[in-house]
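Chemist: My questions will all concern the structure given below.
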Amino acid sequence: MEDYTAEMIRDMAFSFCPQCGTAIVPNHKGRPRKFCSPECRSRWNNTHPKPENWKTVRSKICPVCGGDLQPDDIWLKKGNSGWYTLSVCPACAGTGNEAGKGVFQRYKLARRDGLHWSFARCVQIPDEAGLARWERMRAQQIERMQARAEKAAAEAAGKA
């Protein structure tokens, strides 16, 4: 009797879709599903933005010349819900004007009503201290990413 009850409980141990709250019954194959349907996954991804997926990042304009800014591949976290990167304007790069060394793009995520995400964005001309901090933090992030990649490669080689 105990085995039957434990098996029933294990089979009924389902999770809930984070978008709509519908119960997700496990299929016991592969990775457990997080969403009940592709529509819910799409809606969740649209309402919970990640900076690397933001299409608006590519459309920011230079505050000096009005050209498109090219963001760096590395995004750094600022506080609990902010992200920033150093973007370069191809037209202003290397010139003596204020955007010649780059421009910070900052994004701040917020939950307006506890359920839906909104974000604010701004462009900021960096000072020397900000650029030095950016370079230091960027180098640390690249080191962390390389160490993570090396660890994953070592684990994959150990399993093979």
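Chemist: Convert each backbone phi in region 87-95 into a coupling constant with the Karplus relation 6.51 cos²θ - 1.76 cosθ + 1.60 (shift: θ = phi - 60°), then list the ³J(HN,Hα) values in order as whole Hz, x for Gly and Pro.
Modeler: For region 87-95, the Karplus curve yields 9, 10, 8, x, 6, 9, 4, x, 7 Hz.
Chemist: Follow-up question, since we're still on this one. Please work out the FRET efficiency for the pair ILE125 and SER81, using the Cβ-Cβ distance as r and a Förster radius of 25 Å; give the result to the nearest 0.05.
Modeler: Working: r = 23 Å, r/R0 = 0.92.
After rounding, the FRET efficiency stands at 0.65.
Chemist: Sticking with this one: Taking amide H positions as placed in the peptide plane 1.01 Å from N, state which residues far from GLY67 in sequence (5 or more) or on other chains have amide H under 5 Å from it.
Modeler: CYS62
Chemist: In whole Å and largest first, what semi-axes does the C-alpha gyration tensor of region 57-99 yield when each eigenvalue is scaled by 5 and square-rooted?
Modeler: Values: eigenvalues 96, 22, 17 Å².
Each semi-axis is the square root of five times an eigenvalue, giving 22, 11, 9 Å.
Chemist: Kindly rank 130-142, 146-158 from highest to lowest mean number of other beta carbons found within 10 Å of each residue.
Modeler: Listed from highest to lowest mean packing, they are 130-142, 146-158.
Every read-out reported here was derived from the displayed coordinates using simple, explicitly stated rules and does not represent laboratory data. Just so it is clear, the model here is predicted, and its values are computed rather than measured. Backbone-built Cβ (ideal geometry, glycine too); neighbour counts: all protein chains shown.
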